[in-house]
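Heads up: the structure comes next, in structure tokens.
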Amino acid sequence: MQVNRSLIGSLIVVMTLAGCSNSGTKPETSTTNGSSPAIESTKQTASESTEASQPSTASEVYEGTIHGVISDSMCGKDHSKMGEAGKQPSKCIEQCVASGAKYVLVDEKGDSYTLSDQEKSKILAGKHVAISGHIDPSEKAIHVHSIVTQ
């Protein structure tokens, strides 16, 4: 059986773009006035604004940035229940993920968001970060575009 490589490449591109409607665009970023959670939203216009673009409904996905700490889905923001391992959050996160947990972002309010990029999250476990991407508030999920340490 012979595989058509150009067809496979096209399918990969289509599948990649299907999950993210703004792939390849570089929108301008605006910052909120510091209210929790610290969210920066991006706008497609060239105008400069200090107002964050929030979704009109709780289920609307929007593009923005959330600040917080990379943790795991078992412990969230509190690692104290893990005994000795909980005293070192990065070690605790590593053990929890090895046991089946996923990497999450815990914002300043304590809300956890699942992350699409588990590999980069692994490197930054326990660190304060800013994650930009498409945010789905109803699912508490972020389709990660970038992760930057703070």
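Here the calculated FRET efficiency for Lys127 and Lys91, from their Cβ-Cβ distance with R0 = 22 Å, stands at 0.95, rounded to the nearest 0.05. Cβ-to-Cβ counts within 10 Å put Ser90, Ser121, Ser132 in ascending order as Ser90, Ser132, Ser121, the fewest first. The residues Val104, Val148, when put in order of fewest to most other Cβ atoms within 10 Å, stand as Val148, Val104. Modelled spin labels at Glu60 and Lys81, positioned 7 Å past Cα toward Cβ, are 3.6 nm from each other. Sorting Thr114, Thr149 from the fewest to the most surrounding beta carbons within 10 angstrom yields Thr149, Thr114.
Every number here is computed from the coordinates shown, using simple stated rules; none is lab data. Since the model is a prediction, treat every value here as computed from it, not as a measurement. Virtual Cβ from ideal backbone geometry, glycine too; neighbours counted across all protein chains shown.
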